[in-house]
Each structure stands twice: as C-alpha cells, then as structure tokens.
Amino acid sequence: MDKIQCPFQLLRRYDVNISPRIVSLLKEVDVDSLRSISQLDSPDKLIGLQEAIRESVSEPGRFKNEEEKLVLLGDKFASAPSTFKFSFGEKLMLNDAINMAKHILLENSKQYTFLRQTEKRKTSANTTGSLMKRPRFDYVRSAGEKSAVSDEVDCVASASTTTTKDPATTASTINETENSAALVPLTRKSKTLHDYLMKWFMNTKLLLRNK
C-alpha cells in the first residue's frame, strides 16, 4: 500500500505504534483500512479476528518456508498456527489503534461536513446575487399593444407634424375657431345680452307711460 494511504502509517503520526508483526497479521485478513480497524471495537470482534487469522495461517502451503512462518507467528505459534491468539499487550495495542482510528474518522467527517456546508453557502450566495441582478419584467406587452404614454406621444407627434407640414391650414383652422367663438352669444344666468336689452327697453317704456 502507498504510505500516504496506509492507515498504519497514519496511526504512527498520531503516536499509535503498531508492531510490524501485528500489521502483517491484520493485512493477512484484509484489515487494512481505518474504517475496518475502527470496527474491531468489541471483544467478540477481536475473537473473530483471531479466528480469521488462525484459519488463514493454517492453510496448507501458506508459507514458503519455516522462517516466514516464524516471522509472522513468533516462536510460540509457529509450530501450531491453529492455536494463535493475541497477547495482553497486543490487545492493548489494538485498542489504541481502534480508538485512534475512530477519532480520525470522526474528525475527518466533521471537516468534510464543514467544507460541504461552506460550499453550499457560497453556492447559495452566488445564486442569490445573480438572481438579484436580473431585471424584473412585471408586465410584458403583446405585439399589437400600446401604452397610454405611447398614445400620448403619438398624438403630440401627430399634431406637431400637422402644424409643421401645412402652416396655411393651421392658420385657417385658427380663424375658423375664432369666428365660431364670435357667433356664440354671451350669456349670464342663462340670459343673453339681447334678453337684458329687451327687458331694459320695456322697463323704460313703462316708466315713460306712467309719467
């Protein structure tokens, strides 16, 4: 295994030193990751680990020679691999490795969760900022629809164009308007000037008769 990925190298960085013999025995049964080491956290699992090692080292032809068997099992169990078991000190060493493996996994999980939350906040902030910068179109006009402002502009433009195009027509229109205004009789309290003159004339006539 690569030294960077090897859990035993990582445990040594945390001052958990596992003997090369125990490392070889764990690799014998594929216990070669922090997660698998962390799961050996009960007496039953340690007993199961010992049984798996016994079964593996007892297979015929497992060792090329007696020297290899002696290095892996030691003097005590080299002659009887099926009776292998961990010593008290080896169990303490394994317990240290198990606890540290749990600690490392927990810290990495917290760091991973923190990084994910930070990344989500950044993504959310970027998304919100881009949404705020987008223009809002509360109302979209159809192709043939005009606004009131547009109508007013068109009206003013039309009047301006008419005045500019034909000054003579504009002058004639003004004269007609003035003449029409002159023909309209002046009124006061619903009475015309003619009515007031006729009333004054009749009153004067009555006064002269009475005299």
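If I filter the stretch 41-59 for residues that are part of a loop (DSSP other than H, G, I, E, B), without any contact (Cβ under 8 Å) to a residue 12 or more places away in the chain and closer than 24 Å to ILE104 by Cβ, do I get at least one hit? Within the stretch 41-59 (the criterion being part of a loop (DSSP other than H, G, I, E, B), without any contact (Cβ under 8 Å) to a residue 12 or more places away in the chain and closer than 24 Å to ILE104 by Cβ), the answer is yes, since at least one residue qualifies. Within the stretch 64-93, if we keep just the residues that are in a loop (DSSP other than H, G, I, E, B) and under 58 Å from the mean Cα position of the chain (by Cα), the residue that is surrounded by the fewest Cβ atoms within 10 Å (Cβ to Cβ) turns out to be SER87.
Is it the case that SER38 is surrounded by 14 or more Cβ atoms within 10 Å (Cβ to Cβ) and in contact with a helix residue (DSSP H, G or I) (Cβ under 9 Å, 6 or more places away or on another chain)? So SER38 passes the test. Tallying residues that are assigned to a helix (DSSP H, G or I) and under 12 Å from LEU94 (Cβ atoms) within the stretch 22-35 yields 4.
Computed from the coordinates by the stated procedures, all read-outs in this text should not be read as laboratory data. Given the structure is predicted, the values throughout are model-derived calculations rather than measurements. So basically every Cβ, Gly included, is an ideal-geometry build from the backbone, and we count neighbours across all protein chains shown.
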